[in-house]
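Asks: One structure, pasted below without further comment.
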Amino acid sequence: MDLRSRRVDTVRRLGTVSLAAGFMTCLLTNSSDYDGIRPQILAAFLILTGIGLRIEAAILERTR
């Protein structure tokens, strides 16, 4: 496995973890009685970061 393939796999996995953490934060916050906005902002940040990382991995893999 070459260095570029390893980088694409790492970025894809990091994006997946970020997406999962964002969705879990959103679900846990919505199911609780907490009325603050900070966890929702964190969840949005994690989800957007995950989407960006997954897009980057797809672009890198396509240009191989």
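Each value in this text was obtained by applying a stated rule to the coordinates, not by laboratory testing. Keep in mind the model is a prediction, meaning the values are calculated, not measured. With ideal geometry, Cβ positions are generated from the backbone for all residues, glycine too; neighbour counts draw on all protein chains shown.
Asks: Place +1 on the Cβ of every Lys and Arg and -1 on the Cβ of every Asp and Glu in the chain, take the dipole about the Cα centre, and give the residue among 42, 55, 21 whose Cα lies farthest towards its positive end.
Replies: Going by the charge dipole, the pick is 55.
Asks: So what is the relative contact order for the chain, in percent, with contacts set as C-alpha pairs under 8 Å and at least six apart?
Replies: Answer for the chain is 49 percent.
Asks: If you don't mind, there's one more thing I want to ask. Just to confirm the number: angle between the C-alpha axis of helix 3-31 and the first principal axis of the chain, 0 to 90 degrees, nearest 10?
Replies: Tilt of helix 3-31: around 10 degrees.
Asks: If the only charges are +1 at each Lys and Arg Cβ and -1 at each Asp and Glu Cβ, what is the size of the charge dipole of the chain around the Cα centre, to the nearest 20 debye?
Replies: 420
Asks: Shifting gears a bit: Test of understanding: ordering 53, 14 by Cβ neighbours within 10 Å, fewest first, what list do you get?
Replies: So the ranking, lowest neighbour count to highest, is 14, 53.
Asks: Measure off 7 Å from each Cα along the Cα-to-Cβ vector at residue 23 and residue 5, then give the distance between these two points in nanometres to one decimal.
Replies: 2.8
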